[in-house]
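Q: Attaching a single structure in structure tokens format; questions to follow.
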Amino acid sequence: MTSYNPSEFGFATRAIHAGQDPEELTGAVTVPLYQTSTYAQEAIGQHKGFEYARTQNPTRFAWEASIANLEQGNAGFAFGSGMAAVNAVVTLLSAGDHIVCAEDMYGGTFRLFDKVMKRFGLEFSVVDMTSKEAVEAAIIPGKTKMLYTESPTNPMMKLTDLKMLAELAHHHHALLVVDNTFASPYFQKPITLGADIVLHSATKYLGGHSDLVSGVVIAAHENIAQELRFIQNAAGAVPGPFECWLCLRSVKTLAIRMNQHEANAKIIADYCENHPMVIATHYPGLQSHPQHELAKEQMSGFGGMISIELGTLEKAKAFTNAVRLFTLAESLGGVESLVCHPVSMTHGSIPKEQREKLGITDSLVRLSVGIENIDDLLKDIAQALESLH
Ligand SMILES: *Cc1c(COP(=O)(O)O)cnc(C)c1O
């Protein structure tokens, strides 16, 4: 396979070519979809390196090589969903090990840790990851094996200082794991900031078209890659080749899509911040964002996710009913714009007290800004806000 070194080739080039060399047999420019469960062997013990498709699939290997290159890691591993990816990462640990994780991480991740992994003897401390002191205080030397974080977070768009966390983790011989779903590798490369493991719900920006569920894990070092390869095959939560093929197709346009998501989001965030009906706008690209400087430092762009506060639950409901182009739906990161009401949709299982501590009010509405014409999106937001009078 041709090597696409990040020092020689830019992101958009690597997104199209890395892992995606023309196929040898026919020269097919697109990586073929190897929809097979097994491979013919010439004789016992003689085969082409492909024995059984849970373990080896050329379409999946291409996708894994592509995403490893884009995240500048050592190796990538594809999973059947983002949650399967998270699950694989925590099963690197053993009963009695301790994880320090972010208080505002994805609800499904919290549920997996709290309701499943605890039963297997893993221990968790949930802290405010923006505070170095809070993370330090939660680390139990010798026992804490992993710091687990997301940045930006959902739905408050809080950032964590990934360099700071990497230093803390390594000082205590723990791994730093970063869920990079919201930023995508186009805007943030946690491994270059010291992370040991990066993961994604590929369902979101990597897939990008709201037509698949998938996940991926990228290891920074060969020793972690070996352990992940073992778990991926042993537990078997692999995606089918078609999901991998769709991801390969999608990632080719990741750069151009992310540029447009961000260009649209910036305009909408500015508009909302200056609109009298909007109480607060949370977007890392705004000067008013409390971590705007950190965002400029560790990200190369601010992404396409915004949340706004409208003052009351009634107004939030009215807004989600009034928008016409923004579809009311869970999920994010697709080409089409979506709106969601975190309290009643994605964050319903979080106790009210905890929600309020995190700033997730009844009136908060989250926007996943798509890549439609910005004039149309702005008009839609404007008429929806106007209807709240
Ligand atoms: C959606 C999401 C997940 C879970 O991914 P699935 O593909 O839905 O299993 C994990 N982390 C974040 C930040 C997400 O947005």
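Q: One residue is enough: does region 176-193 have a residue meeting the conditions over 30 Å from E356 (Cα atoms) and of a type in the set (A, V, I, L, M)?
A: yes
Q: Can you tell me which condition T36 does not meet? The list is (1) farther than 26 Å from E71 by Cα; (2) under 31 Å from the mean Cα position of the chain (by Cα); (3) open to solvent by 70 Å² or more (accessible area, probe 1.4 Å), and all the others hold.
A: Here T36 meets the rest and fails (3).
Q: Tell me which strands (runs of 3 or more DSSP E) are completely within region 204-318 and hold 2 or more residues being under 19 Å from C340 (Cα atoms), or say none if there are none.
A: On the way: elements: 215-219, 280-282, 305-309.
Ranges flagged: 280-282, 305-309.
Q: In a loop (DSSP other than H, G, I, E, B) and either more than 16 Å from the ligand (Cβ to nearest atom) or within 30 Å of I256 (Cα to Cα) (or both), is that true of P152?
A: Working: in a loop (DSSP other than H, G, I, E, B): yes; either more than 16 Å from the ligand (Cβ to nearest atom) or within 30 Å of I256 (Cα to Cα) (or both): yes.
Criteria met by P152.
Q: Mind checking which pairs have a first residue in region 68-84 that is among the acidic types (D, E) and a second that is open to solvent by 10 Å² or more (accessible area, probe 1.4 Å) and more than 14 Å from the ligand (Cβ to nearest atom), Cβ under 9 Å, 6 or more apart or different chains?
A: Here the result reads E71/K189; E71/I191; E71/T192; E71/A220, each pair linking region 68-84 to a residue that is open to solvent by 10 Å² or more (accessible area, probe 1.4 Å) and more than 14 Å from the ligand (Cβ to nearest atom).
Q: Suppose we keep only residues that are touching a Ser or Thr at 6+ places or on another chain (Cβ under 7 Å) and among the β-branched types (V, I, T) within region 107-153. Which one would you say is surrounded by the most Cβ atoms within 10 Å (Cβ to Cβ)?
A: T149
Q: Across region 155-176, what is the total count of residues that are touching a Leu at 6+ places or on another chain (Cβ under 7 Å), among the hydrophobic types (A, V, I, L, M, F, W, C) and not in a helix (DSSP H, G or I)?
A: Qualifying residue count, region 155-176: 4.
Q: Please specify each residue of region 9-52 satisfying the condition of being touching a strand residue (DSSP E or B) at 6+ places or on another chain (Cβ under 9 Å) and hydroxyl-bearing (S, T, Y). Walk me through how you get there before you give the answer.
A: Kept after step one, since they are touching a strand residue (DSSP E or B) at 6+ places or on another chain (Cβ under 9 Å), are these residues of region 9-52: 19, 37-39, 50-52.
Listed by number, the residues that qualify are S37, T38, Y39, Y52.
Q: Any residue in region 320-347 that is within 16 Å of the ligand (Cβ to nearest atom) sitting within a Cβ distance under 6 Å of a residue that is of a type in the set (F, W, Y)? List the pairs, counting only those 6 or more apart or interchain.
A: That search, which allows pairs on different chains as well, returns G333/Y205; V339/F326.
Q: Right, next: Go through region 55-115 and tell me which helices (runs of 4 or more DSSP H), entirely inside it, have 2 or more residues that are more than 27 Å from E133 (Cα to Cα) and among the hydroxyl-bearing types (S, T, Y). Give the steps one after another, and end with the answer.
A: On the way: elements: 58-70, 82-90, 107-111.
So the answer is 58-70.
Q: So which residues in region 124-158 are touching a strand residue (DSSP E or B) at 6+ places or on another chain (Cβ under 8 Å) and hydroxyl-bearing (S, T, Y), if there are any at all?
A: Hits for region 124-158 are S125, T144, Y148, T149, S151, T153.
Q: Taking region 62-83, which residues are open to solvent by 20 Å² or more (accessible area, probe 1.4 Å), among the hydrophobic types (A, V, I, L, M, F, W, C) and either within 16 Å of the ligand (Cβ to nearest atom) or more than 18 Å from L33 (Cβ to Cβ) (or both)? First the steps, then the outcome.
A: Our first condition is that a residue be open to solvent by 20 Å² or more (accessible area, probe 1.4 Å); within region 62-83, this holds for 65, 69, 72-74, 80-81, 83.
Applying the additional criterion that residues be among the hydrophobic types (A, V, I, L, M, F, W, C) yields 65, 83.
Residue satisfying the conditions is M83 alone.
Q: Moving on to the next point. For the list (1) on the phi < 0 side of the Ramachandran plot; (2) touching a Pro at 6+ places or on another chain (Cβ under 9 Å), I need the number of the one condition that M129 fails.
A: (2)
Q: Related question: For region 181-199, indicate whether the set of residues that are within 15 Å of the ligand (Cβ to nearest atom), assigned to a strand (DSSP E or B) and among the polar types (S, T, N, Q) is non-empty.
A: No.
Q: Let me ask something additional. Which residue, of E297, E386, E314, is within 22 Å of S184 (Cβ to Cβ), at pLDDT 95 or above and either more than 16 Å from the ligand (Cβ to nearest atom) or crowded, with 17+ Cβ neighbours inside 10 Å (or both)? Step through it out loud before you land on a result.
A: Numbers: E386 fails: within 22 Å of S184 (Cβ to Cβ); E314 fails: within 22 Å of S184 (Cβ to Cβ).
Sole residue among the options that is within 22 Å of S184 (Cβ to Cβ), at pLDDT 95 or above and either more than 16 Å from the ligand (Cβ to nearest atom) or crowded, with 17+ Cβ neighbours inside 10 Å (or both): E297.
Q: Tell me, which residue of region 348-361 that is out of contact with any Lys or Arg (no Cβ under 9 Å at 6 or more places or on another chain) and away from the ligand (no atom under 16 Å from the Cβ) is most open to solvent (accessible area, probe 1.4 Å)?
A: Once the filter is applied, the top-ranked residue is E353.
Q: OK, next. Scan region 84-102 and give yes if some residue there is within 30 Å of H172 (Cβ to Cβ), within 16 Å of the ligand (Cβ to nearest atom) and open to solvent by 40 Å² or more (accessible area, probe 1.4 Å), otherwise no.
A: At the first step, the residues of region 84-102 found to be within 30 Å of H172 (Cβ to Cβ) are 84-102.
Now restrict to residues that are within 16 Å of the ligand (Cβ to nearest atom): 84-91, 99, 101-102.
From what's left, open to solvent by 40 Å² or more (accessible area, probe 1.4 Å): 87, 91.
Among the residues of region 84-102, at least one is within 30 Å of H172 (Cβ to Cβ), within 16 Å of the ligand (Cβ to nearest atom) and open to solvent by 40 Å² or more (accessible area, probe 1.4 Å), which makes the answer yes.
The values are calculated or read from the model by the stated rules, or taken from the named source; none is laboratory data. Because the structure is a prediction, the values reported are computed rather than measured. Neighbour counts run over all protein chains shown; Cβ positions are idealised from the backbone, glycine included. Note: accessible area is taken over every heavy atom of the protein model, side chains too, but ligands, DNA and RNA are not part of it. Shrake-Rupley method; radii C 1.70, N 1.55, O 1.52, S 1.80 Å.
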